[in-house]
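Readers should treat all values here as calculations from the given coordinates under stated rules, not as data from a laboratory. Please read these numbers as outputs of a predicted model, since none were measured by experiment. Here the Cβ positions follow ideal geometry from the backbone for every residue, glycine too, while neighbour counts run over all protein chains shown.
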Amino acid sequence: MKRGIVLTALMLAAGAPHAQTASFDTDPVGRSPAGWACGTTGRGSPRWTVEADVGAPSPPNVLMQSGSGTFPWCVRGDSAIADGFVEVKFKPVGGREDRAGGVVWRWKDGNNYYVARANALENNVSLYYTQGGTRRTLKYVDAPVSAGAWHTLRVEFVGTRITVLLDGKTTIKFEDPHISGLGAVGVWTKADSVTAFDDFAYGSVK
């Protein structure tokens, strides 16, 4: 099955996803991408900028987080999805404390959202929800995550059901009721992670 088009049976029953994509290739280098809101949960000074990368999955540009913060995030301002999917290609570039790349969904604000992330220092994939600014773990799974290489992280979510896929392989299936309803989607890192993102895609199911 081709990477990036894996769907759960529940999503297929609900209807085809209405997908949108962002490759950052038309955004000015050195600035945050237009239409995105960037910040951090907790403290810190994240730096989200579009940067040139000839080795990107779809050159010439990527979105790069090169600052630091408790949990830096950057969300698509015009997105509002209750049930659907979010997917991104990411490359862990550096970081002494962490080398993480993640996606967020049902993002209400910087203190309330779901997040799934892959970590190249720990070689695992994890699922969390954040409420009131506190991140709470739902599940960890060991999985190979190579630093300096591009990976694809995808999450499919319908109702309480959440499926997380890394490089086309299902790593986590979980049911959780904590955050429901419409919310934005975006990308996420942790601590001093320097991470590149490309080919961000998302969509809803009806």
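Listed from fewest to most Cβ neighbours within 10 Å, the set 172, 162 follows the order 172, 162. Spatially close Lys pairs in the chain, defined by Cα atoms under 27 Å apart and a spacing of eight or more places or different chains, total 28. Residue 64: net charge of surrounding residues, Cβ under 9 Å, Lys/Arg +1, Asp/Glu -1, itself excluded? Result for the neighbourhood of residue 64: -1.
Modelled spin-label separation between residue 25 and residue 70, with each label point placed 7 Å from Cα along the Cα-to-Cβ direction: 3.8 nm. Multiplying the residue separation of residue 97 and residue 80 by 0.36 nm and subtracting their alpha-carbon distance yields 2.9 nm. Among rounded, prolate and oblate, which fits the range 150-206 when a ≥ b ≥ c are the square roots of the eigenvalues of its C-alpha gyration tensor, a/c under 1.5 means rounded, and a/b larger than b/c means prolate? The shape class here is prolate.
Computed about the Cα centre, the dipole magnitude for the chain is approximately 340 debye when only Lys and Arg (+1) and Asp and Glu (-1) carry charge, each at its Cβ.
Summed over all non-identical Cα pairs, the Kirkwood treatment of the range 109-206 gives a radius of 14.3 Å. Stretching the chain fully between residue 170 and residue 182 yields a gain of 1.9 nm (0.36 nm per residue, less the alpha carbon separation). For the range 9-204, the residue among 90, 113, 56 whose Cα projects farthest onto the positive side of the dipole built from Cβ charges is 113.
Considering all C-alpha pairs of the range 9-204, those separated by over 20 Å amount to 49%. Using just its DSSP H runs of length 4 or more, each adding -39500 (n - 2.57), the chain gives a mean residue ellipticity at 222 nm of -500 deg cm²/dmol after division by all residues.
Taking 0.36 nm per residue of sequence separation and removing the Cα-Cα distance, the residue 108/residue 149 pair yields an extension gain of 11.7 nm.
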